[in-house]
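Written out below as structure tokens is the structure these notes cover.
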């Protein structure tokens, strides 16, 4: 399989329209059935983790898991057959999620308990915005995604600063408190600094010396001061974003969504919609 565009055939175009689009009755029906199947399969995985239910209905639940895994495997292969560029789909967000939704069941043949990872299938429920064509929700989702893209550089810089601070404070606590207080290594000190700065405060390790308590107090106050910064950055960017109404149409080449209602070409790759 390569990323070269496959020749367009009527059956492939029809299959693509049903599987990837929600603008037609057939596509809408397909996605609704898919969403219900995902929901049932996730419930089956969750129920199997309960010892009492597993003891009574374990065989039936495993049968349900395998049934849906086989169906989702067939669906995944059909998706590969229907797109123009299979590799684009495989490496896309939903392509990776669709693959991860079926792999754990097969891994359970080798690694016991791996089927519990099937709850990843819940991520496929994000298609609900496209399926039910909730225009207002699509617009808000587009705003959130654009705001996230606009703030990623600032958030990355902020995270680097936080990581530097917890590294310094964790090292300081390792030096000041030592192994007697539970700070057996610098990574252990960094763990304490992260827990303290984020105001979680598990209390499994705590400073005993006056100097260590001063550092802890600074870390706590710093945590309260810093915790609002990402929210402020994101809120400012979100207020700046003015999202226009978007359609549920999916680009046949790059598989990106969120196009304007009057769009003729994909704004990401230029392919015709």
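Read the figures in this text as sums done on the coordinates, not as results from a lab. Worth saying up front: this structure is predicted, and the values here are computed from it rather than measured. Neighbour counts are summed over all protein chains in view; Cβ atoms, including those assigned to glycine, are modelled from backbone coordinates with ideal geometry.
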In whole Å, what is the distance between the alpha-carbon centres of the stretch 143-217 and the stretch 40-100? 39
In Å, the C-alpha Rg and Dmax of the stretch 33-90 are 14.7, 47
Rounded, prolate or oblate: which fits the stretch 140-240 when a ≥ b ≥ c are the square roots of the eigenvalues of the alpha-carbon gyration tensor, with rounded for a/c under 1.5 and prolate only if a/b beats b/c? prolate
Going from the fewest other Cβ atoms within 10 Å to the most, one would list 81, 169 as 81, 169
Just rank 220, 173, fewest to most, by other beta-carbon atoms within 10 angstrom. 220, 173
